[in-house]
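These notes concern the structure reproduced below.
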Amino acid sequence: MKSQFSFTKAIAAGITGTIIMTLFTYMGGMMNIKMNIPEMLAGVFGGKLFIGWIMHFMIGTVLALNYGLVFYSKSDINPFWLRGAVFGIIPWFMAQVVVMPMMSMMNGMTYSSGLFSGSIMLAAASLVGHLIYGAVVGAIYKPEPRLVTA
């Protein structure tokens, strides 16, 4: 049985995954690892924390839509939470080699100073956060079954 993309389930998965990942990042503060994603995004987009929060949830939702539209059907990894966790590696890698260095350069530093968050500890913590995000998205997103006629 084939499946049909579910927009509402992808949105719900993205929002929930973003909430869970954000809670994880705040736990990093207990280990002296500061990962405040909305604050970081706010700094890039004009300093308004509200804008940082909107951007954070928008990114999480768009990633979940991409998971549902592209990755879900191209992968046969099971269980679904593991499929999602594997997906989480893709945005993590993009963040580490494109987004963080770009943000570093926007602040007058070099590409290499932002590469892999400029710290193996931050990069590792970010990886765990993205694995958690992906696992939540994968656990929640299950498209609608679709009967295929011959």
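For region 67-89, which residues satisfy the criterion of being in a helix (DSSP H, G or I) and over 23 Å from Ala125 (Cα atoms)?
Gly68, Leu69, Val70, Phe71, Tyr72, Ser73, Lys74
Report every pair of residues separated by at least 6 positions or lying on different chains whose Cβ atoms are under 6 Å apart, first residue within region 71-88 and closer than 18 Å to Ile132 by Cβ, second outside any helix (DSSP H, G or I).
Sorted first by the residue in region 71-88, then by its partner, the pairs are Arg83/Ser75; Arg83/Ile77; Val86/Ile77.
Condition first: surrounded by 13 or more Cβ atoms within 10 Å (Cβ to Cβ), in contact with a Lys or Arg (Cβ under 8 Å, 6 or more places away or on another chain) and of a type outside the set (Phe, Trp, Tyr). Can you find one or more residues in region 7-18 that meet it?
Looking for residues that are surrounded by 13 or more Cβ atoms within 10 Å (Cβ to Cβ), in contact with a Lys or Arg (Cβ under 8 Å, 6 or more places away or on another chain) and of a type outside the set (Phe, Trp, Tyr), one finds at least one in region 7-18, hence yes.
Which condition breaks for Gly108 when tested against (1) farther than 19 Å from Tyr141 by Cβ; (2) modelled with pLDDT under 95; (3) part of a helix (DSSP H, G or I)?
(3)
Quick check: anything in region 50-63 loosely packed, with under 13 Cβ neighbours inside 10 Å, under 18 Å from the mean Cα position of the chain (by Cα) and of a type outside the set (Ser, Thr, Tyr)?
Within region 50-63, none of the residues are loosely packed, with under 13 Cβ neighbours inside 10 Å, under 18 Å from the mean Cα position of the chain (by Cα) and of a type outside the set (Ser, Thr, Tyr).
Look through region 91-138, keep the residues that are more than 26 Å from Ile19 (Cβ to Cβ) and among the polar types (S, T, N, Q), and return whichever of them is surrounded by the most Cβ atoms within 10 Å (Cβ to Cβ).
Top of the filtered list is Ser104.
Restricting the first residue to region 1-28 and requiring it to be free of Cβ contacts under 8 Å to residues at least 40 places away in the same chain, which pairs with a second residue that is small (Gly, Ala, Ser) meet a Cβ separation below 9 Å and a spacing of at least six or different chains?
Partner pairs satisfying both residue conditions: Ile19/Gly60; Thr22/Gly60; Thr22/Gly129.
The values are calculated or read from the model by the stated rules, or taken from the named source; none is laboratory data. Predicted model, so just to flag it, every value in this text is computed and none were measured. Positions of Cβ are generated from backbone atoms using ideal geometry, with glycine treated the same way; all protein chains shown enter the neighbour counts.
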